[in-house]
Amino acid sequence: MITIREFTLFSIEHFFYIFGYGSLAILALSLPKIFKLDIDKFAKISGYFILIEKTIELIYRYIVFKEPFTNLLPFNMCNYTLVLAAFMMIFRSNKIFNLVYFWSIGAILAIMTPDIRIAFPNYSNISFFVTHYYIYFAVFYGLKYFKFTITFNALKKSYIYINGIMLILFPLNFLLNTNYMFLKNKPISSPMDFLGPWPYYIISLEVVMIILFTLMYLPFRKKTLKTL
């Protein structure tokens, strides 16, 4: 019989997850340097591993928690960012990195206000934090080992593509009775509570996204100017 404990937002346990999994991500990032590993092989192994792990999580949720199949499609921002992060690591792609870098901002919100109700050591809880921290592991791996960089054009494409996805998901949510990218309803107890009611919080999110993407681009601005 599976023992299930309820997850409590901003509890001591929650902060333990944040710092514990964060420390593991930093350790994993250091492994190629510590053990003189081939950076391409290590990246590929991690990419394949995370894709398999995420697939197992979705199957687990479908079988154990009887979640509807429509709720398990990879249409949440963190899910398709995770898939792209894995492909970026497998194929060492700077183009994919451009999207992952900017879209990774969603993983911070997910880690700080996770949309889960089940505590450790349940597998779905472990997988949630492992997969979200993998996104940042991949971002910093790309910066540290692959020496990837960001351009202003990448910023524009990231913003345009994410809005294109939102335009597709908006009607799809009503068709499938889902809430991908929280376009139908806000998550419970999240910073979105300060952005107004539906649908106005979506407009507020657009403004916040422009600001955050711009701030994320600033560290690369000087490098871009040098290449002009």
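Under the condition of being closer than 25 Å to residue 170 by Cβ, without any contact (Cβ under 8 Å) to a residue 24 or more places away in the chain and open to solvent by 40 Å² or more (accessible area, probe 1.4 Å), the residues counted in segment 65-77 number 4. Taking segment 160-190 as the search range and keeping residues that are in contact with a helix residue (DSSP H, G or I) (Cβ under 6 Å, 6 or more places away or on another chain) and of a type in the set (Ser, Thr, Tyr), which one is farthest from residue 207 (Cα to Cα)? Checked segment 160-190; the qualifying residue farthest from residue 207 (Cα to Cα) is 178.
Scanning segment 32-59 for residues that are open to solvent by less than 90 Å² (accessible area, probe 1.4 Å), assigned to a helix (DSSP H, G or I) and free of Cβ contacts under 8 Å to residues at least 24 places away in the same chain yields 42, 55, 58, 59. Scanning segment 106-154 for residues that are farther than 19 Å from residue 212 by Cα and open to solvent by 60 Å² or more (accessible area, probe 1.4 Å) yields 115, 117, 120, 121, 123, 144, 147. Listed conditions (1) open to solvent by 50 Å² or more (accessible area, probe 1.4 Å); (2) of a type outside the set (Gly, Ala, Ser); (3) within 30 Å of residue 27 (Cβ to Cβ) are all met by residue 193, apart from (3). Given the structure, is residue 211 surrounded by 14 or more Cβ atoms within 10 Å (Cβ to Cβ), at negative phi and modelled with pLDDT of 90 or more? No; evaluated as a whole, the condition is false for this residue. Residue under question is residue 29, and the condition is that it be at pLDDT below 95, among the hydrophobic types (A, V, I, L, M, F, W, C), open to solvent by less than 40 Å² (accessible area, probe 1.4 Å) and under 21 Å from residue 85 (Cα atoms); does it hold? No; evaluated as a whole, the condition is false for this residue. Filter segment 155-185 down to the residues that are not in a helix (DSSP H, G or I) and not hydroxyl-bearing (Ser, Thr, Tyr), then identify the one that is surrounded by the most Cβ atoms within 10 Å (Cβ to Cβ). Here the answer is 183. Residue check: residue 66 meets all listed conditions (1) modelled with pLDDT under 95; (2) among the basic types (Lys, Arg); (3) within 17 Å of the chain's Cα centre (by Cα) but one, namely (3).
So if I check each of 80, 62, which one is in contact with a Pro (Cβ under 9 Å, 6 or more places away or on another chain), within 30 Å of residue 186 (Cα to Cα), open to solvent by 90 Å² or more (accessible area, probe 1.4 Å) and in a helix (DSSP H, G or I)?
On the way: 80 fails: open to solvent by 90 Å² or more (accessible area, probe 1.4 Å).
Sole residue among the options that is in contact with a Pro (Cβ under 9 Å, 6 or more places away or on another chain), within 30 Å of residue 186 (Cα to Cα), open to solvent by 90 Å² or more (accessible area, probe 1.4 Å) and in a helix (DSSP H, G or I): 62.
Checking residue 204 against (1) in contact with a Gly (Cβ under 7 Å, 6 or more places away or on another chain); (2) surrounded by 19 or more Cβ atoms within 10 Å (Cβ to Cβ), which single condition isn't satisfied? Single failed check for residue 204: (2).
The values are calculated or read from the model by the stated rules, or taken from the named source; none is laboratory data. As the structure is a prediction and not an experimental result, all values here were calculated from the model. Here Cβ is always computed from backbone atoms with ideal geometry, including for glycine, and neighbour counts include all displayed protein chains. Quick note on the areas: whole protein, heavy atoms, side chains included, nothing else; ligands and nucleic acids left out. Shrake-Rupley method; radii C 1.70, N 1.55, O 1.52, S 1.80 Å.
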